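Novice: One structure follows; several queries about it will come next.
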Amino acid sequence: ILAHTDVLMLFPCPIFLGDYLASQVKLRDGFELVVDPHSCTNVCFRFIPKKLRDLERNEEFWQKLSQVAPKIKEKLTIDGTLMIGYQPLPHKNLSNFFRMVVHAIPHQTNASMDHVLNEIQRCGESA
């Protein structure tokens with residue numbers, strides 16, 4: 001018989017996975033949270049390729065960055081490795097960013113969250 005804590009370790013709560021994903025976004029070069037703190041299982045973040053990281057954050061920067069998420073999503077979809085949504089929030093003056101909603105089913109793990117970021121980074125460096 002498994003103890004309650006053992007079950008939680010086998011099946012992490014989506015809220016905790018959202019916390020894990022947000023913490024990893026904060027730690028990784030090129031990633032940044034769009035909404036901090038994140039909201040429950042919703043983690044909104046962007047990936048900034050190396051070629052854009054040292055640029056001044058002016059209108060030209062934001063225009064270039066707004067093209068990154070769609071290019072990454074296209075590569076991920078073609079490669080068949082990941083499906084993730086992106087969206088802008090023009091009324092808040094936010095260009096395209098990724099919005100990951102962590103679900104309980106299918107079962108997710110910290111490794112699943114790492115896979116999301118690894119794949120975005122892999123595709124994003126050439127975006």
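Novice: Across region 87-127, what is the total count of residues that are open to solvent by 60 Å² or more (accessible area, probe 1.4 Å), among the aliphatic types (A, V, I, L, M) and either in contact with a Lys or Arg (Cβ under 9 Å, 6 or more places away or on another chain) or part of a loop (DSSP other than H, G, I, E, B) (or both)?
Specialist: Number of matching residues: 2.
Novice: Can you tell me which residue in region 59-70 is farthest from Pro90 (Cα to Cα), limited to those that are of a type in the set (D, E, K, R) and surrounded by fewer than 16 Cβ atoms within 10 Å (Cβ to Cβ)?
Specialist: Taking region 59-70 first, the residues of a type in the set (D, E, K, R) are 59-60, 64.
Narrowing further to those that are surrounded by fewer than 16 Cβ atoms within 10 Å (Cβ to Cβ): 59-60.
Working: Glu59: 13, Glu60: 16 Å.
For region 59-70, the residue satisfying everything is Glu60.
Novice: Now a separate question. Could you grab me the full set of residues in region 21-41 that are open to solvent by less than 40 Å² (accessible area, probe 1.4 Å), in contact (Cβ under 8 Å) with a residue 40 or more places away in the chain and not in a helix (DSSP H, G or I)?
Specialist: Correct list: Gly30, Phe31, Val34, Thr41.
Novice: Which of the residues spanning region 65-86 are at pLDDT 95 or above and either within 23 Å of Asp36 (Cα to Cα) or in contact with a Gly (Cβ under 6 Å, 6 or more places away or on another chain) (or both)?
Specialist: Passing the criteria: Leu65, Ser66, Gln67, Val68, Ala69, Pro70, Ile72, Lys73, Tyr86.
Novice: Within region 42-51, can you find the residues that are under 20 Å from Asn93 (Cα atoms) and buried (at least 16 other Cβ atoms within 10 Å of the Cβ)?
Specialist: Val43, Cys44, Phe45, Arg46, Phe47, Ile48
Novice: Here are the criteria: (1) under 11 Å from the mean Cα position of the chain (by Cα); (2) farther than 25 Å from Leu17 by Cβ; (3) not aromatic (Phe, Trp, Tyr). Tell me which single one Arg99 does not satisfy.
Specialist: (2)
Novice: With the structure loaded, tell me whether Ser95 is touching a Phe, Trp or Tyr at 6+ places or on another chain (Cβ under 7 Å) and at pLDDT below 95 or whether it fails that test.
Specialist: On the way: touching a Phe, Trp or Tyr at 6+ places or on another chain (Cβ under 7 Å): yes; at pLDDT below 95: yes.
For Ser95, the condition - touching a Phe, Trp or Tyr at 6+ places or on another chain (Cβ under 7 Å) and at pLDDT below 95 - is met.
Novice: Something else about it: Out of Ile84, Ile78, I need the residue that is within 14 Å of Glu119 (Cβ to Cβ) and either open to solvent by 50 Å² or more (accessible area, probe 1.4 Å) or of a type in the set (Ser, Thr, Tyr) (or both). Which one?
Specialist: Details: Ile84 fails: either open to solvent by 50 Å² or more (accessible area, probe 1.4 Å) or of a type in the set (Ser, Thr, Tyr) (or both).
It is Ile78.
The values are calculated or read from the model by the stated rules, or taken from the named source; none is laboratory data. None of the values given here were measured: they were computed from a predicted structure. Using ideal geometry, Cβ is built from the backbone for each residue, glycine included, and neighbour counts are taken over all protein chains shown. The area values use the complete protein model at the heavy-atom level, side chains included, leaving out ligands, DNA and RNA. Shrake-Rupley method; radii C 1.70, N 1.55, O 1.52, S 1.80 Å.
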